[in-house]
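The values are calculated or read from the model by the stated rules, or taken from the named source; none is laboratory data. All values derive from a computational prediction rather than experimental measurement. Please note: Cβ atoms are built from the backbone with ideal geometry, for glycine as well, and neighbour counts cover all protein chains shown.
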Amino acid sequence: MKFGIRSIFCLLLLLIVGCNPAATTPVPNERPTTEGATEGATPRVVVLLGGGGRGDNSFNDSAASALPRLSELGVEVVFEDRPTEGSTDEIKAQQLQMIQARLDEGYNLIIGMGFENQGIIVEAAKAHPETRFALIDVTVADPPSNITSITFREQEGDYILGVLAARLTENGRVGFIGGAAIPVIERIQNGYTLGVANGTAEGDVEVMAELVGSFTDTVKAGEIATAMFTGETPVDVVYVAAGGAGNEAIKVAVENEILVLSTSTTINLPPGVVAARPKRVDAAVVSLVEHFMNSNLTPAYTMGYREGGLGLAFDDSVDTKLEQEMLALQKSIETGNLVVELATDGVTVSVHDK
């Protein structure tokens, strides 16, 4: 598939903005906290990647793409893949051993990517109160004072993709394939479903949704996709938010000529993907490091379009007028004129004017 200047320019612009500290400053949820942590020191950073690791063309790859900006800041950083062999307890022991080794080497900021690293980060933070730890894309109830969390207002972009899906479908049926059954995937699905419902005047587009159960089970992702695309009531547009497992679903979609929306993080959209809502995990990593350097970390932040935490990209196959409508929606959300709001339960999504 040919990818044109529009999709490339759209994400390049976001990447340029993402290098501006003011543009990636997330919204703090609470007052600064520095007790017991080595903030202000020269950062030596360890990033614990989530399931699927590098090459997932999604969450982990976005984290790794922070490297050029961190290098500009003079930050030393290592990316650690999640162990894949052994029982849960054995994997946990391997990670704790790795963290201890990195701390012994002088690393002073440990960042865990996603829900799979939540438990290990909390345990390590309790054992090392003098070290700053962070989690991206997950929050912790009553966390130790040396943990910072960054989450994203994904629903802002997912709502837009839902509207787009409703405009693109020809048979009135669109799909959603998610990864693990966790709150972030539930709110992605809810934002998308709400967008689909509001995408046409009639509001009669049907959504078929399935979860893989993980971000790594490519076999199951392929099975779900095959059933969704070739059954008696197939969809003709699908939104895939399943990490590395989602790559198989996208492959099956391309084979069946299904239009794909995704959370892809690359400037050149993967073959078959006509639009994407990349989560700027790289911007979150950079923001964490910059706040660490400036000694002004707070316990929790959120990032959306206003803070440069989300992107929006299109393949040339999307009609220019339709693309401009979606970008106008993004602008309305960015300026606060349209609010795609998350309820206090962390998963229910609503939309209203300012």
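Scanning the stretch 260-278 finds one or more residues that are surrounded by fewer than 23 Cβ atoms within 10 Å (Cβ to Cβ), touching a Phe, Trp or Tyr at 6+ places or on another chain (Cβ under 6 Å) and not aliphatic (A, V, I, L, M). Residues in the stretch 215-229 that are of a type in the set (Ser, Thr, Tyr) and modelled with pLDDT of 95 or more: Thr218, Thr226.
Remark: Ala166 matches the filter, which requires a residue to be more than 15 Å from the chain's Cα centre (by Cα), within 25 Å of Leu194 (Cβ to Cβ) and without any contact (Cβ under 8 Å) to a residue 40 or more places away in the chain.
For every residue, the table says whether it meets (1) at pLDDT below 95; (2) farther than 29 Å from Glu170 by Cβ; (3) touching a Ser or Thr at 6+ places or on another chain (Cβ under 8 Å).
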{"position": "Val260", "(1), (2), (3)": "no, no, no"}
{"position": "Pro271", "(1), (2), (3)": "yes, no, no"}
{"position": "Asp282", "(1), (2), (3)": "yes, yes, yes"}
{"position": "Asn294", "(1), (2), (3)": "yes, yes, no"}
{"position": "Pro299", "(1), (2), (3)": "yes, yes, yes"}
{"position": "Met326", "(1), (2), (3)": "no, no, no"}
{"position": "Gln330", "(1), (2), (3)": "no, no, no"}
{"position": "Leu338", "(1), (2), (3)": "no, no, yes"}
{"position": "Lys354", "(1), (2), (3)": "yes, yes, no"}
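Sub-8 Å Cβ pairs linking a first residue in the stretch 336-347 that is under 19 Å from Arg306 (Cα atoms) to a second residue that is among the aromatic types (Phe, Trp, Tyr) and surrounded by 13 or more Cβ atoms within 10 Å (Cβ to Cβ), at least 6 apart or interchain, are Val340/Tyr159, ordered by first then second residue.
Looking at Asp353, Asp319, Asp345, just one residue is within 22 Å of the chain's Cα centre (by Cα), acidic (Asp, Glu) and surrounded by fewer than 23 Cβ atoms within 10 Å (Cβ to Cβ), and that residue is Asp345. Selection within the stretch 260-311: residues that are aromatic (Phe, Trp, Tyr) and within 17 Å of the chain's Cα centre (by Cα). The member of this set that is nearest to Ala141 (Cα to Cα) is Tyr301. Return yes or no: is Val240 more than 16 Å from the chain's Cα centre (by Cα) and either in the same structural domain as Thr169 (by TED's automatic domain parsing) or closer than 25 Å to Asp81 by Cβ (or both)? No. The criterion of at least 3 residues that are closer than 17 Å to Glu154 by Cα is met, among strands (runs of 3 or more DSSP E) falling completely within the stretch 234-344, by 237-241, 300-303, 338-342. May I ask you to verify whether Asn146 is polar (S, T, N, Q), in contact (Cβ under 8 Å) with a residue 12 or more places away in the chain and farther than 18 Å from Ser295 by Cβ? When the stated conditions are applied, Asn146 does not pass them. What are the residues in the stretch 193-217 that are buried (at least 19 other Cβ atoms within 10 Å of the Cβ) and of a type in the set (S, T, N, Q), if any? Result: Thr193, Ser214, Thr216. The residue of the stretch 195-224 that is nearest to Leu338 (Cα to Cα), among those that are part of a helix (DSSP H, G or I) and over 21 Å from the mean Cα position of the chain (by Cα), is Asn198. Considering the conditions (1) within 15 Å of the chain's Cα centre (by Cα); (2) not assigned by TED's automatic domain parsing to the domain that holds Leu259, Asn146 is excluded by exactly one of them, (1).
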